[in-house]
Amino acid sequence: MTYQVCYFGLLAERRGLREESITSAAATPAELYAELDAGHQLGLQVEHFRAAVNDEFAAWDRPLHENDRVAFLPPMSGG
């Protein structure tokens, strides 16, 4: 399936981009992140940040569908 993946904060820095379209057999946000982490050494554990699917926070085991927009949102700070 094809997904639009968005990275924020530290994950965007480590990936070197803010979004990309990828083809993957991953069926959940957790599987998708594991695949991306293995390929790009993103280095965060899923318990330390959130995932969103189609602009809504989602459980890590939520089923994904073709053309879903998946965002990975690590903790952020600001001033």
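A short reminder: the numbers here are calculations on the coordinates, not readings from a lab. Treat the numbers as computed from the prediction; the structure is a model and nothing was measured. Methodologically, a virtual Cβ is constructed for each residue, glycine included, from the backbone with ideal geometry; neighbour enumeration extends over all protein chains shown.
Data overview
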{"quantity": "Residues located in the range 66-79, provided they are farther than 16 Å from G9 by Cα and surrounded by 11 or more Cβ atoms within 10 Å (Cβ to Cβ)", "calculated": "N67, D68, R69"}
{"quantity": "Selection from the range 26-60 of residues that are charged (D, E, K, R), surrounded by 14 or more Cβ atoms within 10 Å (Cβ to Cβ) and not in a helix (DSSP H, G or I)", "calculated": "R50"}
{"quantity": "Some residue of the range 68-78 being touching a His at 6+ places or on another chain (Cβ under 8 Å), of a type in the set (D, E, K, R) and touching a residue at least 24 places away in the same chain (Cβ under 8 Å)", "calculated": "no"}
{"quantity": "Search result, residues across the range 35-48 that are more than 9 Å from the chain's Cα centre (by Cα) and in contact (Cβ under 8 Å) with a residue 12 or more places away in the chain", "calculated": "H40, Q41, L42, G43, L44, V46, H48"}
